[in-house]
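Since the structure comes first, as structure tokens, the remarks are kept for the end.
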Amino acid sequence: MLRLFTAFLLALSVFASYAQDDAVVITASRTEQQLRDAIPHTTILTSKDIRDSQAIDLPSLLRREAGLEFTQNGGIGSTGSVFMRGGRSAQALILIDGVRVEDVGFGTTAIQHIMLDEVERVEIVRGNVSSLYGSGAIGGVVQVFTKRGHGDPAANAEATVGSRNTWKLRGGYGGQAGGTRFNISASRFDTSGFSAIDPQVAPTANPDRDGYRNDSISGSLSQQVSRRHELGVSFFRTRGKLDYDNAFDTPDATHQSAQDLGMSQVYWEGRFADAWKSRFTAAEGTDYRTDLRNGDFDSRSNTRSRQLIWDNEVRLSPAHVVSGGLEQLRQELDNSSFASRVREAGVARLGYLGRLGDHSLQANVRTEHYSDFGNADTYFLGYGYDLTDAWRLIVSASTAFRAPTFQDLFGFGGNPDLNPERARTREAGVQWSRGTNRVRVVAFDTEYQDAITFDPQTFTARNVRKASVTGVESSYTGQVAGFDLRAALTIQDPVEQEPGGEEVQAIRRAKRFGSLAAFRSMGKWRMGAELIGSGARRDADIVTFASVREAGYTVLNLTARYQLGKALFAAARLENALNEKYRLVNGFNTAPRGLFLTVGWQP
């Protein structure tokens, strides 16, 4: 299967368009560089990609990408988890404009509440990059960039209606006037949804529909105060209100959650000299969640993460850049299940990115001191060699870590003596890149030390000696015969060691998954289709917790967009066009076929 897919990707490279591509990525090295030069396996999802997909939320956009899997406990807005390179959800780091927005109780980000109406682009970096971003960046990093003002100031708006009493309204205004850039965007999404839990599997779950409402707003303002200095502020807020089911309650019990994610920052960016760029950022990320049962308070978990970041970049020559920075992180958790907790970390990092002829090198080191467990040191060392103008060989070795969460330490079954999880990754890959077309095939091997797991026999969190994942991920983006194509395939073997020593397939992670998407413009029409598939996965029974196996699935989505005028458009998305019946999590339903219609104004 892998050989066939690799041959398919190489065939695409033969027939591909030769248009020029100047895509710039930041997340792969915390330094601006062309995407084709990035040593870690990196993907950019642009505003055009988001528009083509017609996806509502971030999970719907990510699940077609190489190395990424997503699970969800029901419909849109329900609890979701993203797995990168076979790692756990707490081993994938999510950033919004460079700021951590997470629940430090569990070490995860509620990406199910991030609506794409507020997003300009997404950058995905796979593999160990803790040397750049710290705890949690074991499987990789997904960085979301909110919208910024571009061009002449103008308004934009759209409205959507569709299946399951779904509707959405969005409006925004932004642009650039002289040295001032600004943007404001807001949206409301509402759906009646469907029952999250299948009552045939969990008879005591409430069989009614589980609806979801989301209100989001983002804004940014920057001012070029001189040729060398810029000041700016940005913010992002999203509030999700969800009805959900509980497999261990009565059929007439109702459960709701209200969750607020927030990011705000103020920054100054300047140049003390032509070769020296410096940026100081003061930022805050928040995650506030309150749960109700039958309308009464049930639980809460409130996180506040504050960051002070000083980034510096010195360009020694056009081909050689040294970067470094200092950071201070303070995380506070107020949780109704255990006493309030505070964690602080001080960070120093240093990096080099350079090219000498056909050879390129990336080196990063990072050291940080945590108030509750001490030091954590990580590194990344990557090398690239250009065989030709198009073909490139890449190898790298790296380390990463994840600090134990407050839930691991102090929650139900918590163990205050836990050690941080640590990981070591080795990978090698080949890339073909020309114009807008890029093929990349990467083999990777990650070994975990002191992986944190929950022992069901003692009901205690504990470190186990090892877990591992090996695999090959392949991706293609480009143009062939007038079609804009995206393809991805991942073959992996994620293994976890259960207490007692038995190695088993990691829960809710498939050994094979992939996607293929194609879009084409025909006059005023823009047509598209995306096929997403996954193999079988191990899971735990929703009621008995016994080990079960969920079958694989294939989902087809179809899209169409028609340009009614210079700025006015109409669009349609048919989700799950073949009405595939499948599960991402045992006992939880997924959305059946649904049709969604949109009209909008986008200058």
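The values are calculated or read from the model by the stated rules, or taken from the named source; none is laboratory data. These figures come from a predicted structure and were not determined experimentally. As a convention, Cβ positions derive from the backbone with ideal geometry for all residues, glycine included, and neighbour counts pool all protein chains shown.
Could you list, in sequence order, all residues of region 147-187 that are out of contact with any Asp or Glu (no Cβ under 9 Å at 6 or more places or on another chain) and within 30 Å of Arg593 (Cβ to Cβ)?
Hits for region 147-187 are Asn156, Ala157, Ala159, Thr160, Val161, Arg164.
Can you tell me how many residues in region 157-210 are in a strand (DSSP E or B), of a type outside the set (Lys, Arg) and surrounded by fewer than 18 Cβ atoms within 10 Å (Cβ to Cβ)?
15
Which fully enclosed strands (runs of 3 or more DSSP E) of region 73-127 have 2 or more residues being without any contact (Cβ under 8 Å) to a residue 60 or more places away in the chain and of a type outside the set (Val, Ile, Thr)?
Because the criterion is at least 2 residues that are without any contact (Cβ under 8 Å) to a residue 60 or more places away in the chain and of a type outside the set (Val, Ile, Thr), the strands (runs of 3 or more DSSP E) in region 73-127 that meet it are 80-84, 92-96.
Taking Glu530 as the residue in question, decide whether it is assigned to a loop (DSSP other than H, G, I, E, B), modelled with pLDDT of 95 or more and of a type in the set (D, E, K, R).
For Glu530, the condition - assigned to a loop (DSSP other than H, G, I, E, B), modelled with pLDDT of 95 or more and of a type in the set (D, E, K, R) - is not met.
Filter region 187-207 for residues that are out of contact with any Gly (no Cβ under 6 Å at 6 or more places or on another chain) and free of Cβ contacts under 8 Å to residues at least 40 places away in the same chain and give the result.
Of everything in region 187-207, those that are out of contact with any Gly (no Cβ under 6 Å at 6 or more places or on another chain) and free of Cβ contacts under 8 Å to residues at least 40 places away in the same chain turn out to be Arg188, Asp190, Gln200.
Determine if region 416-428 includes at least one residue that is within 26 Å of Thr453 (Cβ to Cβ), within 23 Å of the chain's Cα centre (by Cα) and outside any strand (DSSP E or B). Spell out the reasoning first.
Just the residues of region 416-428 that are within 26 Å of Thr453 (Cβ to Cβ), to begin with: 416-427.
From what is left, the residues that are within 23 Å of the chain's Cα centre (by Cα) are 420-427.
Checking the rest, the ones that are also outside any strand (DSSP E or B) come to 420.
Yes, there is a match, as at least one residue in region 416-428 is within 26 Å of Thr453 (Cβ to Cβ), within 23 Å of the chain's Cα centre (by Cα) and outside any strand (DSSP E or B).
For region 282-304, does any single residue satisfy the condition of being buried (at least 17 other Cβ atoms within 10 Å of the Cβ), closer than 22 Å to Ser218 by Cβ, in contact (Cβ under 8 Å) with a residue 60 or more places away in the chain and of a type in the set (Lys, Arg)?
There is at least one residue in region 282-304 that is buried (at least 17 other Cβ atoms within 10 Å of the Cβ), closer than 22 Å to Ser218 by Cβ, in contact (Cβ under 8 Å) with a residue 60 or more places away in the chain and of a type in the set (Lys, Arg).
Looking for something aromatic (Phe, Trp, Tyr) and in a loop (DSSP other than H, G, I, E, B) - is there at least one such residue anywhere in region 240-256?
yes
Being acidic (Asp, Glu) and part of a helix (DSSP H, G or I) is the filter here; which residues of region 388-415 pass it? So that I can check it myself, show each step before the final result.
So in region 388-415, the residues acidic (Asp, Glu) come out as 389, 408.
Listed by number, the list holds a single entry, Asp408.
When you go through Glu550, Glu496, Glu502 one by one, which is the residue that is in contact with an Asp or Glu (Cβ under 8 Å, 6 or more places away or on another chain), among the acidic types (Asp, Glu) and modelled with pLDDT under 95?
Details: Glu550 fails: modelled with pLDDT under 95; Glu502 fails: in contact with an Asp or Glu (Cβ under 8 Å, 6 or more places away or on another chain).
One residue alone meets the criteria, Glu496.
Scan region 333-387 for residues that are of a type in the set (A, V, I, L, M, F, W, C), more than 26 Å from Arg306 (Cα to Cα) and not in a strand (DSSP E or B) and jot them down.
Within region 333-387, just Leu387 meets the criteria.
Across region 556-603, which residue is surrounded by the fewest Cβ atoms within 10 Å (Cβ to Cβ) among those that are of a type in the set (Ser, Thr, Tyr) and closer than 18 Å to Ile532 by Cα?
Applying the filter and picking the extreme gives Tyr582.
Please find, among Val365, Val321, the residue that is among the hydrophobic types (A, V, I, L, M, F, W, C), farther than 17 Å from Arg100 by Cα, at pLDDT 95 or above and more than 25 Å from the chain's Cα centre (by Cα).
Val321
When you go through Thr425, Thr405, Thr453 one by one, which is the residue that is in contact with a strand residue (DSSP E or B) (Cβ under 8 Å, 6 or more places away or on another chain), touching a residue at least 40 places away in the same chain (Cβ under 8 Å), buried (at least 21 other Cβ atoms within 10 Å of the Cβ) and closer than 24 Å to Arg85 by Cβ?
Step by step, each of Thr425, Thr405, Thr453 is checked, and only Thr425 is in contact with a strand residue (DSSP E or B) (Cβ under 8 Å, 6 or more places away or on another chain), touching a residue at least 40 places away in the same chain (Cβ under 8 Å), buried (at least 21 other Cβ atoms within 10 Å of the Cβ) and closer than 24 Å to Arg85 by Cβ.
What are the residues in region 195-247 that are β-branched (Val, Ile, Thr) and over 20 Å from Val101 (Cβ atoms), if any?
Those that are β-branched (Val, Ile, Thr) and over 20 Å from Val101 (Cβ atoms): Ile197, Val201, Thr204, Val225.
Could you identify the single residue in Arg538, Arg508, Arg549 that is under 30 Å from Asn246 (Cβ atoms) and surrounded by fewer than 14 Cβ atoms within 10 Å (Cβ to Cβ)?
Going through Arg538, Arg508, Arg549 in turn, just one is under 30 Å from Asn246 (Cβ atoms) and surrounded by fewer than 14 Cβ atoms within 10 Å (Cβ to Cβ): Arg549.
Would you pick out the residues in region 315-332 that are touching a residue at least 12 places away in the same chain (Cβ under 8 Å), more than 18 Å from Thr281 (Cβ to Cβ) and either of a type outside the set (A, V, I, L, M) or part of a strand (DSSP E or B) (or both)?
Arg315, Leu316, His320, Val321, Val322, Glu332
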